[in-house]
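One structure is given below, encoded as structure tokens.
Quick note: the coordinates plus some simple rules give every number you see, no bench work behind them. Computed from a predicted model, the values in this text were never measured in an experiment. Cβ: placed from backbone, ideal geometry, glycine included. Neighbour counts: every protein chain shown.
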Amino acid sequence: MLKGCRVAGFKGPKTARLNGFLLLTFLTLLTLYPLNPLTLKPGYGQELKRIRIGYPSLSFRQSNVWVAREEGLFKKYGLEVEPIFLRGGQIATQALASGDPPIVNIGTVVQADLRGFDLVLVAAVETAYDQIVFARPGITRLEQLKGKNFGISGFGAATHYAAIILLKHLNLEPIKDVALIPGGPDAERLAALAAGKIDATFFTSSSAAPARKAGFNELFQIADLGVEVQGNGFATSRDFIKTNRETVKSALKAFVEAIYFIYANKKAAQRVFAKYMRTNDPDVLEDSYQGYIKTIPKKPYPTLKGIQFMLDMLAPTMPQAKNAKPEQFVDLSFLQELDKEGFFNEMAKRYPSK
């Protein structure tokens, strides 16, 4: 053999020592600086799937979508998500029914399906309405609402159904005893209350602080009635599930992980709240965070009891509700799969919280 020639594939002692050194160096660096899955594209280089996800309000109940976007959780599960603000439950429901965006965080699936749509809840974060009654000066008792104008965000929205629950509790009837006035989002209803266009309205925990500072009377929290309802939840259409099941599951994983992240990371969560709620008011951010951890479940299963309550409440004006079953409005298979796969246990370990 000629001197200085190397046979292909032959490793001399120097090469072996070099390879061993490089391997040891790599393992050491990997230990000191572990790869962050949030910075890697899924599937080792696969492109992220682009999708729009809608939300209808600036309440903390929408924050799972915001946090999943800002903290890279959607990307972690292979999605490039564009959050879309849809200004109210009615508009959000119509958008979802049209297929754009194909996933929306709403609480009006039952009402939409009774009108002929084929929407479905795959998760839910609201089993009681977080709606606080505020009234103008001079109204200090709920009974004084008779004959007054009560502001809601819109017909078919959570504030509308919360108002029906309230009036039923007071033995009052909409229209006959109390006029329900559609007034748009919280800020617009606050302005209407200040201008005397309405006499009372609802604000959530997230939006109550400005109403308190403005001197309006805080009368009642609807959740204190103990009525279990099906409110906001992660919704899509059955058609979208048929052709995009893995996309829905990936989005839900990020949605659920956001819940655990928020519980364990107050300051980071409040920074995201501030961005999307468009406020730096510390009272608003604190009320929102406390409202979140007191009411948002870590296992966001829809409530069949709450759906049945909604059906019973809708039956007088929507006869088709009488024969409907709660199960037809939900698809629990995604959450059941995550449970079976140990996803919730994994999240609990990754995000320990008090």
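Does the range 241-354 come out rounded, prolate or oblate, given a ≥ b ≥ c as the square roots of the eigenvalues of its C-alpha gyration tensor, rounded meaning a/c under 1.5 and, failing that, prolate meaning a/b above b/c?
On the way: a/c = 2.29, a/b = 1.39, b/c = 1.64.
Taking the square roots of the gyration eigenvalues as a ≥ b ≥ c, the range 241-354 is oblate.
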Problem - Partner lysines for Lys176 [C-alpha distance under 19 Å; skip if fewer than 8 residues away on the same chain] - result: Lys146, Lys148, Lys168, Lys197
Exercise for the section: Run down the aspartates and glutamates and flag those whose C-alpha is under 20 Å from the C-alpha of Lys267, throwing out any fewer than 8 positions away in its chain. Expected result: Glu70, Glu71, Glu257, Asp281, Asp283, Glu286, Asp287
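Treating only the Cβ of Lys, Arg, Asp and Glu as charged (+1, +1, -1, -1), what charge dipole size does the range 84-157 show about its Cα centre? Round to the nearest 20 debye.
On the way: 6 positive and 6 negative charges, 104 e Å.
Dipole about the Cα centre, nearest 20: 500 debye.
How would you classify the range 132-225 from its alpha-carbon gyration tensor, with a ≥ b ≥ c the square roots of the eigenvalues: rounded for a/c under 1.5, else prolate if a/b is greater than b/c, otherwise oblate?
rounded
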Handout entry: Degrees separating the helix 89-98 axis from the principal Cα axis of the chain, which is the longest one
Key = 50 degrees
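Summing -39500 (n - 2.57) over the DSSP H runs of n ≥ 4 in the chain and dividing by its residue number, what mean residue ellipticity at 222 nm do you reach, to the nearest 500 deg cm²/dmol?
Numbers: 15 runs with 160 residues, N = 354.
Rounded to the nearest 500, it is -13500 deg cm²/dmol.
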Handout entry: Dipole magnitude of the range 132-225, debye to nearest 20 (Cβ charges: Lys/Arg +1, Asp/Glu -1, about Cα centre)
Key = 160 debye
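About the Cα centre of the chain, what is the dipole size in debye to 20, counting +1 per Lys and Arg Cβ and -1 per Asp and Glu Cβ, all else neutral? Mind dumping the intermediate values first?
Working: 45 positive and 33 negative charges, 343 e Å.
Rounded to the nearest 20 debye, it is 1640 debye.
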Handout entry: Most mobile listed residue (Thr108, Thr243, Thr127) in the chain, GNM with C-alpha springs under 10 Å
Key = Thr243
Fill in the blank from the handout: A student applying the Cα gyration tensor rule (rounded when a/c is under 1.5; otherwise prolate if a/b is larger than b/c, oblate if not) would label the chain prolate
Exercise for the section: Pick out which of Pro300, Pro101, Pro137 has the largest mean-square fluctuation in a Gaussian network model of the chain, springs linking Cα atoms closer than 10 Å. Expected result: Pro137
Handout entry: Nearby lysines by direct alpha-carbon distance to Lys49 (threshold 20 angstrom, same-chain neighbours under 8 apart not counted)
Key = Lys41, Lys75, Lys76, Lys242, Lys249, Lys253
Practice task
Search the structure for amide H atoms under 5 Å from the amide H of Glu82, placed 1.01 Å from N in the peptide plane, and list their residues when 5 or more places away or on another chain.
Solution key: Ile51, Arg52, Ile53
Exercise for the section: Once you've got the GNM for the chain with C-alpha springs shorter than 10 Å, pick whichever of Val104, Val227, Val284 has the biggest mean-square fluctuation. Expected result: Val227
